[in-house]
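Novice: Take this structure, written in structure tokens, and hold onto it; I'll ask about it next.
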Amino acid sequence: MKFGINTYLFSSPFTNESVSFFPKFKEWGFDFVEIAVEEPSNIDARYIRKALDDNELECRSVCAATGPGRDLRGNRKEQVTSLEYVQTLIDIAPILGSQLVAGPIYSSVGRADLVPEEKKEKQWTTVVKNLKILADYAVQHNVKLALEPLNRYETDFINTCEQVLKMIADVGSEALMVHLDSFHMNLEEKDPALAIKLAGNKLALLHASGSDRGTPGGDQINWDRIFAALDNINYQGDIVIESFTPDVKIIAKAASIWRQVEPSKEAIAVDGLRFLRSLAF
């Protein structure tokens, strides 16, 4: 099991200059960096890879940012934009050293509406069609796509592990995997540990965040049960700290972080990693 840090905690958008954080990530004991690529044109993937190598770090997952305009269930323009964006991430991932693109790539984050059942079914069919295109592209590049359920305030589309597994089954591609997040599970799953067991060998990534989106371990989540469930499924994937503070303004607004929930970004990273490693099997 390896532990990573998502760049959203320190930088948004991620650019070539953001590699300045890499020495600290290494010093704090992280095995890898999960790079959130909001705008692919902002980075030179080979330059980023060299910086990772220089700091003896990996990029084991690329985090997709599906903001407004990137929506596999949106209008035709939004669908095309999203397809092109995710395909670019699939191109970039191997250059960075990663074989995983993760996140809620099925929809624009923040789109949450109460719609008639027939309209939702049509949206579902549209996403299945588009994910088949992306899954085929991912197979050609030896990359997996991990779909992340989000909480009800960030999407009306996929909120639970059961729903994401249905989507994967409907697409029917081995390229699709599950990406779970402790914060979202805390809101949406009856029991996060059972959701992990349900995902089983389809679980490719776990985001670790406190119940208030602060430090893992300094919150009300039952982490012992989560790690017991990971052990139960013989989880061989990665755990990434994805927490937020008001310091990174763009992400703070998107994630509704209105107050300082922890002393600092550094405290989240250092204390969170120490706690997670203490539970690792």
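The values are calculated or read from the model by the stated rules, or taken from the named source; none is laboratory data. All values reported here derive from a predicted model rather than from experimental measurement. Using ideal geometry, Cβ is built from the backbone for each residue, glycine included, and neighbour counts are taken over all protein chains shown.
Novice: Just to verify a result, which residue in the stretch 57-85, among those that are surrounded by fewer than 16 Cβ atoms within 10 Å (Cβ to Cβ) and of a type in the set (Lys, Arg), is nearest to Lys24 (Cα to Cα)?
Specialist: My answer is Lys77.
Novice: With the condition kept exactly as written, say whether any residue in the stretch 9-20 is in a helix (DSSP H, G or I) and at pLDDT below 95. Give the derivation first.
Specialist: First pass over the stretch 9-20, keeping only residues in a helix (DSSP H, G or I): 9, 16-20.
Within this subset, residues satisfying the condition of being at pLDDT below 95 are 9.
Yes, the conditions are met somewhere in the stretch 9-20.
Novice: In the stretch 8-55, how many residues are among the small types (Gly, Ala, Ser) and free of Cβ contacts under 8 Å to residues at least 24 places away in the same chain?
Specialist: Looking only at the stretch 8-55, we keep the residues that are among the small types (Gly, Ala, Ser), and these are 11-12, 18, 20, 29, 36, 41, 45, 51.
Keeping just the survivors that are free of Cβ contacts under 8 Å to residues at least 24 places away in the same chain gives 18, 20, 41.
Final tally of qualifying residues: 3.
Novice: Kindly provide the set of residues from the stretch 86-122 that are crowded, with 20+ Cβ neighbours inside 10 Å and in a helix (DSSP H, G or I), ordered by number.
Specialist: Answer for the stretch 86-122, where residues must be crowded, with 20+ Cβ neighbours inside 10 Å and in a helix (DSSP H, G or I): Val86, Leu89, Ile90, Ile92, Ala93, Leu96.
Novice: Go through (1) closer than 22 Å to Glu154 by Cα; (2) in contact (Cβ under 8 Å) with a residue 40 or more places away in the chain; (3) small (Gly, Ala, Ser) one by one and return the number of the condition Gly97 breaks.
Specialist: (1)
Novice: Hey, another quick one. Give the residue that is surrounded by the most Cβ atoms within 10 Å (Cβ to Cβ), with candidates limited to residues of the stretch 19-56 that are under 17 Å from Ser243 (Cα atoms) and touching a Ser or Thr at 6+ places or on another chain (Cβ under 6 Å).
Specialist: My answer is Ile35.
Novice: I've got another one for you. Taking the stated definitions as given, is Tyr153 of a type outside the set (Lys, Arg) and closer than 18 Å to His207 by Cβ?
Specialist: Working: of a type outside the set (Lys, Arg): yes; closer than 18 Å to His207 by Cβ: yes.
Criteria met by Tyr153.
Let's see how each residue does on (1) free of Cβ contacts under 8 Å to residues at least 60 places away in the same chain; (2) of a type in the set (D, E, K, R):
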residue	(1), (2)
Gln163	yes, no
Ser173	yes, no
Leu176	yes, no
His179	no, no
Asp191	yes, yes
Asn201	yes, no
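Novice: Residues to consider are Lys122, Lys144, Lys129; find the one that is out of contact with any Asp or Glu (no Cβ under 8 Å at 6 or more places or on another chain), closer than 23 Å to Glu39 by Cα and basic (Lys, Arg).
Specialist: Lys144
Novice: Hey, another quick one. Any residue at all in the stretch 62-77 that's in contact (Cβ under 8 Å) with a residue 24 or more places away in the chain and part of a helix (DSSP H, G or I)?
Specialist: Taking the stretch 62-77 as the starting set, the residues that turn out to be in contact (Cβ under 8 Å) with a residue 24 or more places away in the chain are 62-74.
Checking the rest, the ones that are also part of a helix (DSSP H, G or I) come to none.
No; the residues of the stretch 62-77 include none that is in contact (Cβ under 8 Å) with a residue 24 or more places away in the chain and part of a helix (DSSP H, G or I).
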